1. Can you name the residue in region A:199-246 that is touching a Leu at 6+ places or on another chain (Cβ under 7 Å) and closer than 17 Å to residue A:58 by Cβ and, of all such residues, is farthest from RNA strand B (Cβ to nearest atom)?
2. For region A:135-197, list the helices (runs of 4 or more DSSP H) that sit wholly inside it and hold at least 1 residues that are under 26 Å from the mean Cα position of the chain (by Cα) and β-branched (Val, Ile, Thr); which are they?
3. Could you check region A:30-48 and list, in sequence order, the residues that are assigned to a strand (DSSP E or B) and either in contact with a helix residue (DSSP H, G or I) (Cβ under 6 Å, 6 or more places away or on another chain) or at pLDDT below 95 (or both)?
4. Among the numbered criteria (1) over 35 Å from the mean Cα position of the chain (by Cα); (2) free of Cβ contacts under 8 Å to residues at least 40 places away in the same chain; (3) more than 7 Å from RNA strand B (Cβ to nearest atom), which single criterion is violated by residue A:363?
5. So which residues in region A:316-360 are among the small types (Gly, Ala, Ser), within 8 Å of RNA strand B (Cβ to nearest atom) and in contact with a Phe, Trp or Tyr (Cβ under 8 Å, 6 or more places away or on another chain), if there are any at all?
6. Out of (1) exposed (fewer than 12 other Cβ atoms within 10 Å of the Cβ); (2) touching a strand residue (DSSP E or B) at 6+ places or on another chain (Cβ under 9 Å), the odd one out for residue A:381 is which?
7. Residue A:111 fails exactly one of the following numbered conditions: (1) more than 16 Å from RNA strand B (Cβ to nearest atom); (2) surrounded by 15 or more Cβ atoms within 10 Å (Cβ to Cβ). What is the number of that condition?
8. Any idea which of (1) over 15 Å from residue A:230 (Cα atoms); (2) within 12 Å of RNA strand B (Cβ to nearest atom) is the one residue A:282 doesn't satisfy?
Amino acid sequence: MFGLRSLKQKPVDTEVSKVEEILARGVSQVVDMEALRKKLLSGRRLRIKLGIDPTSPHLHIGRAVSLLKLRDFQELGHTIVLIIGDTTGVIGDTSDKDSERPLLTRDAVRENAKTYFKQAGKVLDMSAVEKHYNSTWLSKLSYNEIGEHADQFSVADFVARDNIKKRLDGGKRVSLREILYPLMQGYDSVAVHADVEIGGNDQWFNLLAGRKLQSRFNQEPQDIVTTNLILGTDGRKMSSSWGNTINLTDSPKDMYGKIMSIPDELIVPYFIHCTRVENNRIQDIEKKMEKGDNPRDYKMELAKTIVALYHTEKDAQKSEEDFVKKFQNKDVSDARVVSVKSNTLLKDVFVAEGVVSSRNEFNRLVASGAVSVVGADKVSDLKEIATDNTYKIGKRRSLTIEII
RNA sequence: GCGUCGGUGGCAGAGUGGUCAAUUGCAUCAGACUGUAAAUCUGACGGACUUCGUCCUACGCAGGUUCAAAUCCUGCCCGGCGCACCA
């Protein structure tokens with residue numbers, strides 16, 4: 001099915017400097033660097049696999065580190081094989097978890113999967129990507145076959161994994177189904193005849209499972225490239241369960257704002273892992289910041305670059321202007337406008353508009369001096385009557401009220 | 001099935017009859033400061049009201065004991081660990 005296209009494809013690029021950069025930038029671990037280098041320089045068109053489980057409707061820029069790496073490989077002319085883990089997603093990977101992951105429903109997974117190819121398309125040229133759902137082959141396996149696969153692994157290997165061991169030691173439950181996960185991911189590699197598999201560095205164990213199973217099926221074991229995991233907006237590992245992600249589907253404004261809120265130390269790592277900005281430029285930025293340049297300016301450049309990558313140049317430009325307006329110049333001209341009857345309590349307006357979640361919260365905010373009339377005084381009366389004004393709560397929330 | 005330990009606020013995890021709307025950490029929100037929604041420091045963090053107070057709802061579920069229960073008792077549901085049964 002790819003015969004026609006491959007005839008048209010340009011030959012594989014084996015320029016040493018390009019290959020070397022790919023093997024270095026953002027890469028955490030490689031199973032056999034020499035072997036991989038040789039493969040990449042051989043001129044053979046490699047099949048490079050990445051599996052993504054649709055455990056949330058959004059991909060975040062941490063997951064996209066692998067996608068960017070794939071993009072590099074794609075540009076060299078290799079075949080990218082993208083697998084949506086609609087079966088593995090149901091089972092749930094425990095690699096990065098310190099507790100059992102709940103079994104997702106098939107429907108939830110299918111729903112999440114819907115936009116994944118589209119999201120991946122922000123980074124990859126999807127017209128040249130081979131796309132699969134792993135239910136295609138995983139749902140056909142019989143117990144006989146699964147048993148045979150399972151025989152390649154020992155329980156000890158699994159139990160020795162750090163996070164599993166920690167859970168067992170702590171008296172936490174480890175479900176048998178969790179053991180199945182590496183088998184499934186490993187079999188994916190067999191099914192698509194992967195030459196190389198990419199994954200986050202928490203995937204090491206699962207990636208190795210692919211090698212084992214491929215050997216069992218008389219395939220040459222895949223090479224493995226793991227990419228670094230990046231930290232989230234709060235400086236902890238970026239993970240959907242911690243709500244510190246920057247999603248590919250975030251609006252330009254949100255994305256820009258979230259990037260501006262990362263700690264300064266993450267600026268350079270983000271440039272390296274989340275953008276395709278050239279190394280020279282990144283080193284330049286690093287030096288300048290060391291010399292005392294204001295990191296904010298580079299963070300803005302970073303934010304703009306990333307927004308442009310997932311949206312458009314125009315969006316990026318606009319997000320930056322909005323950010324400057326709102327946070328640097330404290331402009332509130334874009335505050336939402338609501339009409340209310342005269343003699344309404346201010347707190348009622350805020351609660352009704354969902355700006356604050358309860359009257360108690362409003363009271364607390366007033367008590368801490370967070371509520372103010374723009375251009376005038378702070379609100380200090382809990383029973384303040386709403387007036388024709390723009391109100392602000394903290395730095396982010398604002399509301400313009402019109403009395404009718 | 002038996003034994004045993006446990007189920008607490010968004011999460012983790014204290015509390016084991018009254019002083020508990022519940023210590024603490026993380027997350028969140030606000031204030032100060034600032035170079036930014038960073039860092040740091042300070043405060044708040046169930047709801048309602050006539051707000052230095054009162055009332056309501058909350059500690060797996062349902063009952064019970066008590067002037068008083070997250071805390072004790074009974075039953076149920078769910079989980080860990082150990083043992084066994086069956087094959």
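1. A:200
2. Ranges flagged: A:135-138, A:162-169, A:176-192.
3. A:30, A:48
4. Of the numbered conditions (1) over 35 Å from the mean Cα position of the chain (by Cα); (2) free of Cβ contacts under 8 Å to residues at least 40 places away in the same chain; (3) more than 7 Å from RNA strand B (Cβ to nearest atom), the odd one out for residue A:363 is (3).
5. Result: no residue meets the conditions.
6. All conditions are met except number (2).
7. Of everything listed in (1) more than 16 Å from RNA strand B (Cβ to nearest atom); (2) surrounded by 15 or more Cβ atoms within 10 Å (Cβ to Cβ), residue A:111 misses just condition (2).
8. (2)
The values are calculated or read from the model by the stated rules, or taken from the named source; none is laboratory data. Because the structure is predicted, anything quoted here is derived from the model rather than measured. Virtual Cβ from ideal backbone geometry, glycine too; neighbours counted across all protein chains shown.
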